[in-house]
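A short reminder: the numbers here are calculations on the coordinates, not readings from a lab. The model shown is predicted, which means the values in this text are computed figures rather than measured ones. Glycine also receives a Cβ, built like all others from the backbone with ideal geometry; neighbour counts cover every protein chain displayed.
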Amino acid sequence: MRKIIIAEKAIAAKRISDILSSGKAKQEKFSKKFSAYKWDGFVTVPLSGHIVQADFPKEYSSWSKNKVKDLLKADIIQKVSMPGIAKYLEKVGKNADEVIIATDNDREGELIGREGLEFVKAKNPKVKVRRALFSAITEEDIREAFKNLKKLDDDLADSAEARRDIDLLWGAALTRLVSALGHRFGNSYLSVGRVQTPVLKMIVDRAKQRQRFKPEKYWELKAKLFKKKVFEAEHKGVFKDGKKVKKILSKNIKKMTVKSFKVSQRKVPRPAPFNTTAFLRTCHNEFGYSPANSMRIAEHLYIRGFISYPRTSNTVYPKSLNLQKILSKLSRQYEHAKDFIGKDLSPSRGSKKTTDHPPIHPVGLPKKIGSQEKKVYELIVKRFFATLSEDGLEKRTRIEFDAKGHEFVSNGMIITKKGWMKYYDFYKPKEFALPELLEGDKVDVKKLWSDEKETQPPKRYGASTLLKIMDEKNLGTKSTRHSILQKIVYRGYVEPKTFEPNNIGFALIHVLKKNCEDITNPHMTSELESEMEKIAGGKRSKDYVINHSKKGLLIAINKLESKEKVVSKELREALKEDLIICPCPKCGVGNMRVIRSRRTGKRFCGCSNYPKCSNGWPLPQKGGLYVTDKLCKDCGVKIVEIRYGRRPWRFCPNINCPGKKDKKT
């Protein structure tokens, strides 16, 4: 009997094979990059994520020859992106009795597994198919999953396929149309997407709120007091009139009288277990890691058997999760684990109880891992301990004072019971103990002063806040949100660290919102996500949802095409400034800007005063090109950024820059 196990990645294939074969599996290399693992009639074949890619037929590849609406009529085809893996699956599948899908346990994993299965079925259509479902790649989880094999969930795979096809349709059609209207081709095309564009709109709207914000002055009145110890108090409420503050300061207040002294106890609740959104937000807030980088680290820890599956909506540990076994394993390396062993545990619960994977938690002990991986792993361990611990307690003290008819207040807080805070040192409350006072006590005023301040604009949206809002508005999924944010950055619409939108981001949203608001509306995107949930539940067919989505897309295309001249003009005018690098240093009349040659299709930096001025600088041809707001420290020209590969490359385009001459010498 010959059984084929299909795993999602190479490292997962090796671990699964080692566990099931008790280390007897032999490696068989079948391509330059990939190896299968064989033992006792089994063969584990690793995929590399999706081994086929959805695309339009070749005849639709030309942007100039095809109308955008033609894409809606085209049949979406699947192109083999990993031919070596596909051929090997066909080869070993000929004589297989059974295929066991052991890809990640989510809708994307279901689709990836089914894609691999199709190559086996092409040569062996009657092969038996079963599914191994697990949330961690540990010996216990893998053996349990293979003892209790399930059916492949075609509804779940269909929902992933529907999302993939809809995203392709919306992205390809709108990107082609908007890029053509804006005359942005090649690597400088304007990317528009079903989810990314509503998210970009939220970023731009917040930036506009900040720009419109008009600060107002106000004054805070503060005092340094003494009674048994030095402490501070503030005037109740702020002042909008500085003259009133001066009047109070002129009273020369030397004493204050205690009006009330109140002490209260407050519970400090334990944090909820990590789901994907909370995990990514915490990594960003604590370590400054981008969501994409945090997910990459988490996936690596998962595949190596150190943490549970990192893509989950769940914030409640299931009853089936053996917490004591996990604690016993952790106790070999963490003394804190012993605090919980043998106790009747009642873990904290978040608001989301789902039937997918359990919350993110540790499952194994790593020996040698990188510094970033270690930080993330330690975070997950500490969060796990915190969720099993008790709530904390804090003592709050509030003292109200009278100062010649003016009310001041002082607030203090100390932790009286650490509880979960003993284990989760990322929570660091500011403690300050106030003296014990009685009503009517007099305190000395050591100093009385005012601080002049200004009201602040609403905070810009960072990656952490955006992940939270996307979750609340049902934009994207727990598996895609980090990559959507990465794409917005990669396309040059926002600054990488601050998510501050640049000229392109502002221009694109301004024109789309004005002429076809549906494209930027998160409500429509959220509705489509709900429809795809119905596919997963067997309540909708994949074709129904895709066709329904096409109708909405057609309406959006018609709106833009009906205003073609207006939209084109507005886009080009709005984007023109984004291509200007600096005033021409040769003629002093025109501007040096990014230009694409009509004859060769190549881009370069040329003077807008051409043909009177022929000044030109060469530019790299590969990758997306963006003119940043940063200036070269040597010549003052705007820095250009090329995004090609993993890391962006920034440089000064001025061929006569003094800094370049210095480097040569």
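Taking the number of other C-beta atoms within 10 Å as the exposure measure, put 134, 432, 261 in order starting with the fewest.
Least to most surrounded, the residues fall as 432, 261, 134.
Once phi is turned into θ = phi - 60°, what whole-Hz ³J(HN,Hα) does the Karplus curve with 6.51, -1.76 and 1.60 give for every residue of the range 407-415, x standing for Gly and Pro?
Rounded to whole hertz, the list is 9, 10, 9, 10, 10, x, 8, 9, 7.
Could you work out the helix-only [θ] at 222 nm for the chain, with each DSSP H run of four or more residues adding -39,500 (n - 2.57) and the total divided by the number of residues, to the nearest 500 deg cm²/dmol?
-11500 deg cm²/dmol
What's the FRET efficiency of residue 224 with residue 418 using the Cβ-Cβ distance as r and R₀ = 25 Å, to the nearest 0.05?
That pair, residue 224 with residue 418, gives E of 0.25.
Using the Kirkwood radius built from alpha carbon pairs, what does the Stokes-Einstein equation give as D for the chain at 25 °C and 0.890 mPa s, in µm² per second?
For these conditions, the coefficient is 83 µm²/s.
Mind putting a number on the dipole of the range 413-482 about its Cα centre? Charges go on the C-beta only, +1 for Lys and Arg and -1 for Asp and Glu, and I need it in Debye to the nearest 20.
560 debye
Calculated FRET efficiency, residue 325 and residue 244, Cβ-Cβ r, R0 56 Å, to nearest 0.05?
Efficiency at R0 = 56 Å is approximately 0.30.
Give me D for the range 584-664 in µm² s⁻¹, whole number, from Stokes-Einstein with Rh from the Kirkwood sum over alpha-carbon pairs, 37 °C and 0.692 mPa s.
243 µm²/s
Farthest toward the dipole's positive end in the chain, which of 600, 96, 501, given Cβ charges of +1 (Lys, Arg) and -1 (Asp, Glu) about the Cα centre?
Of the candidates, 600 comes out farthest on the positive side.
Residue farthest toward the positive end of the dipole of the chain, with Cβ of Lys/Arg at +1 and Asp/Glu at -1: which of 369, 202, 258?
258
Using a basic spin-label model with each label point 7 Å from the Cα along Cα→Cβ, how many nm lie between residue 257 and residue 565?
8.0 nm
Under 5 Å between amide H atoms, partner at least 5 residues away or on a different chain: which partners does residue 631 have, H built in plane at 1.01 Å?
Those qualifying (amide H under 5 Å, at least 5 residues apart or on another chain) are 639.
Please tell me the relative contact order of the range 276-388 in percent, rounded to the nearest whole number, where contacts are Cα pairs under 8 Å and at least six residues apart.
33 percent
Quick one: how many lysine pairs does the range 19-85 have with C-alpha atoms less than 18 Å apart and a gap of 8 or more or different chains? Give me the count, please.
Value for the range 19-85: 8.
Please identify every one of the trypsin sites (Lys or Arg not before Pro) in the range 532-576 that sits in a loop by DSSP and has no more than 14 other beta carbons within 10 Å of its own beta carbon.
Hits after loop and neighbour filter: 539.
Given a Förster radius of 41 Å and the C-beta distance between residue 39 and residue 628 as r, what FRET efficiency does 1/(1 + (r/R0)^6) yield to the nearest 0.05?
0.15
What value does the range 1-152 have for Rg/Rh, both radii from Cα atoms and Rh as Kirkwood defines it?
Across the range 1-152, the Cα-based Rg/Rh ratio is 1.06.
Can you list residues from other chains, or at least 5 along the same chain, whose modelled amide H is less than 5 Å from the amide H of residue 225?
231, 232, 233, 446
Take every Cα pair under 8 Å in the range 489-614 that's 6+ residues apart, average their separations, divide by the length, and report that relative contact order as a whole percent.
About 17 percent, as a whole number.
Pull up the cross-link candidates among the aspartates and glutamates for residue 150, meaning alpha carbon to alpha carbon under 16 Å and not fewer than 8 places away within one chain.
Straight-distance partners of residue 150: 98, 104, 106, 110, 141, 356.
Please give the charge dipole size of the range 56-176, origin at the Cα centre, charges +1 on K and R Cβ atoms and -1 on D and E Cβ atoms. Round to the nearest 20 debye.
680 debye
Suppose every K and R has +1 on its Cβ and every D and E has -1 on its Cβ; what is the size of the dipole of the chain about the Cα centre, in Debye to the nearest 20?
Roughly 1900 debye, rounded to the nearest 20.
In the range 321-426, what trypsin sites (Lys or Arg not before Pro) fall in a loop by DSSP, with at most 13 other Cβ atoms inside 10 Å?
332, 343, 353, 367, 368, 404
For the range 351-434, which GluC sites (Glu not before Pro) pass both filters: DSSP loop (anything but H, G, I, E, B) and at most 10 other C-beta atoms within 10 Å?
Passing sites in the range 351-434 do not exist.
With just the Cα atoms defining each centre, how far is the range 223-285 from the range 573-650? Give it in Å.
The range 223-285 and the range 573-650 have Cα centres separated by 52 Å.
Using only the alpha-carbon atoms, what does the range 469-533 span along each of its principal axes? Please give whole angstrom values in decreasing order.
Principal axes ranked by extent give 36, 29, 16 Å for the Cα atoms.
Can you tell me the relative contact order of the range 3-152? Whole percent, Cα pairs under 8 Å, sequence separation 6 or more.
Worked out over the range 3-152, it gives 26 percent.
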